[in-house]
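What follows is a short report on a single structure.
The values are calculated or read from the model by the stated rules, or taken from the named source; none is laboratory data. Just so it is clear, the model here is predicted, and its values are computed rather than measured. Reconstructed Cβ throughout: ideal geometry from the backbone, glycine too, with neighbour counts over all protein chains shown.
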Amino acid sequence: MVDGVKAGCCAFETHVDFAEDGDIVPAAGVLYIATTGILPRYQGQGLGAVLKSWQVAYARRHGFQRMVTSSRASNAAMIALNGRFGFQIARRIEGYYTDPLEAAVVMEWTRSRPCRLNGDSASPLGSGTPR
């Protein structure tokens, strides 16, 4: 919420994974981040980092060993944000998205990999105000 307006949201599913073919399948210890989104007028203000920081903190607090997410290959901002929090590209799934047809970039985070913000080590909750 920003000044009483919903600025964005995120959604995830517990104990499921993003399979090689793009299906969602049961998987103990995996947190699947289905979506992370910020309304266009609120983008670039650090709100995506706040949501991503909360997702990492949630995964750590609840003992998840992995998180997996996907985004359109053209969504460079989300791919970069995920990378800042320790997600690495696992694979591409060509033709996953439609309207327009586009590849999905599947990224994963593992508990043993530290998250980083602006090149500095960060706690699971982030390091104060996102930059």
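Couple of notes before you dig in:
- Residue match in the range 44-52 (condition: under 19 Å from residue 93 (Cα atoms), of a type outside the set (D, E, K, R) and in contact with a helix residue (DSSP H, G or I) (Cβ under 6 Å, 6 or more places away or on another chain)): no
- Residue that is nearest to residue 92 (Cα to Cα) [pool: residues in the range 1-32 that are among the small types (Gly, Ala, Ser) and without any contact (Cβ under 8 Å) to a residue 60 or more places away in the chain]: 19
- Verdict on residue 13 being of a type in the set (D, E, K, R) and assigned to a loop (DSSP other than H, G, I, E, B): no
- Subset tally (residues that are modelled with pLDDT under 90 and surrounded by 15 or more Cβ atoms within 10 Å (Cβ to Cβ)) for the range 1-46: 1
- Number of the exception - residue 74 against (1) surrounded by 17 or more Cβ atoms within 10 Å (Cβ to Cβ); (2) assigned to a loop (DSSP other than H, G, I, E, B): (1)
- When residue 50 is tested against (1) closer than 14 Å to residue 105 by Cα; (2) out of contact with any Asp or Glu (no Cβ under 7 Å at 6 or more places or on another chain), just one condition goes unmet, and that condition is (1).
- Lone unmet requirement of (1) crowded, with 17+ Cβ neighbours inside 10 Å; (2) part of a strand (DSSP E or B); (3) out of contact with any Phe, Trp or Tyr (no Cβ under 8 Å at 6 or more places or on another chain) for residue 81: (2)
- Filter result (out of contact with any Asp or Glu (no Cβ under 9 Å at 6 or more places or on another chain) and more than 20 Å from residue 56 (Cα to Cα)) within the range 77-93: 92
- The lone exception for residue 49 - which of (1) within 19 Å of residue 13 (Cα to Cα); (2) crowded, with 17+ Cβ neighbours inside 10 Å; (3) aliphatic (A, V, I, L, M) it fails: (1)
- Considering the range 87-124, and only residues there that are charged (D, E, K, R) and under 17 Å from residue 55 (Cβ atoms), the residue that is modelled with the lowest pLDDT turns out to be 116.
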